[in-house]
């Protein structure tokens, strides 16, 4: 094992430090957050920080970098109170990554990257048409992380649109059925394959695999 | 596409609702958070909510469920001010999942699940010996999500121990080299394979693949 102390990490060149700290905490979710400005310009941006906050009510969070530079996503959400979260697949990960370029506020990343904006019902924010899981959210609250100015945005799920083949009978979304990718650090993309589902863990009971054929035993240690 | 409205989601049976809301936001990181109580009992618990909050200083966050029931991880972190975050691999995912059973406070999940506690330098919290990426953290702050009582815990990275073969020259951790898994919902495990790294995105410039051989073009649309 290589040991990197706090001091060693602090003194790394900034790109190396960003690589290290962004990768070591594991695979992250890959989502496109889409919104619309007051004057009607749409925006779409890739995020690797969408997290589950609660099921009842259904709340999702995501982290925004400090507002010291222009943050179109933040401004649009504050103006319209709605936004959408759209899954990134193997088919669109390059276009999704391209949304991270610093486009002007009057330019839409949809147009610039070749993603397609679409609308569902009377929901005001654009969805990403290519995405097999599209979630309409309303702004609920925000929490500023005092330590560095990041903001945890909290939103309520208003609508979920999901490709029929992805949703199992027990409402579990089989993400690999729709070729979703996950993110490593700021620039890596991975293709996961779901290998197992395990039973609810109870003290001193053996776990069971809920997926037929995924019963291979763990390697001994 | 299947449409699930807010009302349709709210009226789902609770297990189905939990499946849906926990899976639709994508693949999550799989980590074991380990800590030690005042009286010396070690604790280790699986989390799918570890997120990156900043590189300079290096900060990681994770979400704890409401404190309305006993939360050993929270109590231990508040008592000792330190904890560790340890990557979950294909070799230990079943033992990692088993830590979610409700063991008593005087029982160590290390003993109960067959994971091995280990210590590095003079860091007071236990690490998970089987993990190829082990991160020692100190408590920095906590933010209560008023909407449902969840807590975002914020910690500073004090030490990183990482398997040598995982760390590339530019300090990017190649997570599939160490067989890390990712989590789907509350019970699913996936094995990702890193397929690409993309160049920093700039307006109107074409992205380049940083991994030799990953140059396959995106499917047209």
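The values are calculated or read from the model by the stated rules, or taken from the named source; none is laboratory data. Bear in mind the structure is a predicted one, so any value in this text is a computation, not a measurement. Every residue, glycine as well, gets a Cβ built from its backbone with ideal geometry; the counts of neighbours run over all protein chains shown.
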Out of (1) touching a strand residue (DSSP E or B) at 6+ places or on another chain (Cβ under 8 Å); (2) modelled with pLDDT under 95, the one residue A:213 does not meet is (1)
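Can you confirm whether residue B:164 is surrounded by fewer than 21 Cβ atoms within 10 Å (Cβ to Cβ), without any contact (Cβ under 8 Å) to a residue 12 or more places away in the chain and closer than 27 Å to residue B:178 by Cβ?
Numbers: surrounded by fewer than 21 Cβ atoms within 10 Å (Cβ to Cβ): yes; without any contact (Cβ under 8 Å) to a residue 12 or more places away in the chain: yes; closer than 27 Å to residue B:178 by Cβ: yes.
Yes: the conditions hold for residue B:164.
Among the residues of the stretch B:97-109, how many are touching a strand residue (DSSP E or B) at 6+ places or on another chain (Cβ under 7 Å) and closer than 13 Å to residue B:76 by Cβ? Outline the logic, then answer.
Filtering the stretch B:97-109 for residues touching a strand residue (DSSP E or B) at 6+ places or on another chain (Cβ under 7 Å) gives B:97, B:99-100, B:108-109.
With the extra rule that they be closer than 13 Å to residue B:76 by Cβ, the set shrinks to B:108-109.
The qualifying residues number 2.
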Of the residues in the stretch B:63-95, those that are part of a loop (DSSP other than H, G, I, E, B) and touching a residue at least 24 places away in the same chain (Cβ under 8 Å) come to B:65, B:66, B:67, B:68, B:70, B:81, B:88, B:90, B:91, B:92
The lone condition residue A:47 fails out of (1) more than 7 Å from every other protein chain (Cβ to nearest Cβ); (2) within 18 Å of the chain's Cα centre (by Cα); (3) more than 21 Å from residue B:143 (Cβ to Cβ) is (3)
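Checking the condition under 30 Å from residue A:156 (Cα atoms), in contact with a strand residue (DSSP E or B) (Cβ under 9 Å, 6 or more places away or on another chain) and surrounded by 22 or more Cβ atoms within 10 Å (Cβ to Cβ), which residue from B:180, B:152 passes?
Values: B:180 fails: under 30 Å from residue A:156 (Cα atoms).
Only one candidate qualifies: B:152.
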Scanning the stretch B:46-61 residue by residue, those surrounded by fewer than 24 Cβ atoms within 10 Å (Cβ to Cβ) and in contact with a helix residue (DSSP H, G or I) (Cβ under 9 Å, 6 or more places away or on another chain) turn out to be B:46, B:47, B:48, B:54, B:55, B:56, B:57, B:59, B:60
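Pick from B:158, B:117: which is touching a helix residue (DSSP H, G or I) at 6+ places or on another chain (Cβ under 7 Å) and more than 27 Å from residue A:17 (Cβ to Cβ)?
Working: B:158 fails: more than 27 Å from residue A:17 (Cβ to Cβ).
Exactly one residue qualifies, and that residue is B:117.
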Turns out the strands (runs of 3 or more DSSP E) fully within the stretch B:129-197 with at least 2 residues that are under 13 Å from residue B:30 (Cα atoms), at pLDDT 95 or above and at the interface with chain A (Cβ under 7 Å from one of its Cβ atoms) are B:182-184, B:188-197
The correct count of residues that are facing another protein chain (nearest Cβ under 7 Å), over 12 Å from residue A:56 (Cα atoms) and not in a strand (DSSP E or B) in the stretch B:1-17 is 1
*With respect to residue B:203, determine if the residue is facing chain A (nearest Cβ under 7 Å) and free of Cβ contacts under 8 Å to residues at least 40 places away in the same chain.*
yes
A careful count of residues in the stretch A:15-45 that are without any contact (Cβ under 8 Å) to a residue 60 or more places away in the chain and crowded, with 23+ Cβ neighbours inside 10 Å gives 7
(1) more than 11 Å from chain B (Cβ to nearest Cβ); (2) in contact with a helix residue (DSSP H, G or I) (Cβ under 8 Å, 6 or more places away or on another chain); (3) at pLDDT 95 or above all hold for residue A:67 apart from (3)
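Does residue A:124 count as more than 8 Å from chain B (Cβ to nearest Cβ), touching a helix residue (DSSP H, G or I) at 6+ places or on another chain (Cβ under 8 Å) and farther than 25 Å from residue B:209 by Cα? Steps first, answer last, please.
Details: more than 8 Å from chain B (Cβ to nearest Cβ): yes; touching a helix residue (DSSP H, G or I) at 6+ places or on another chain (Cβ under 8 Å): yes; farther than 25 Å from residue B:209 by Cα: yes.
Answer is yes for this residue.
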The residue that is farthest from the other protein chains (Cβ to nearest Cβ), considering only those in the stretch B:77-119 that are surrounded by 24 or more Cβ atoms within 10 Å (Cβ to Cβ) and over 16 Å from residue A:198 (Cβ atoms), is B:77
Only unsatisfied item for residue A:60, checking (1) touching a residue at least 12 places away in the same chain (Cβ under 8 Å); (2) within 7 Å of another protein chain (Cβ to nearest Cβ); (3) in a helix (DSSP H, G or I), is (3)
Of B:20, B:53, B:32, the only residue that is facing chain A (nearest Cβ under 7 Å) and assigned to a strand (DSSP E or B) is B:53
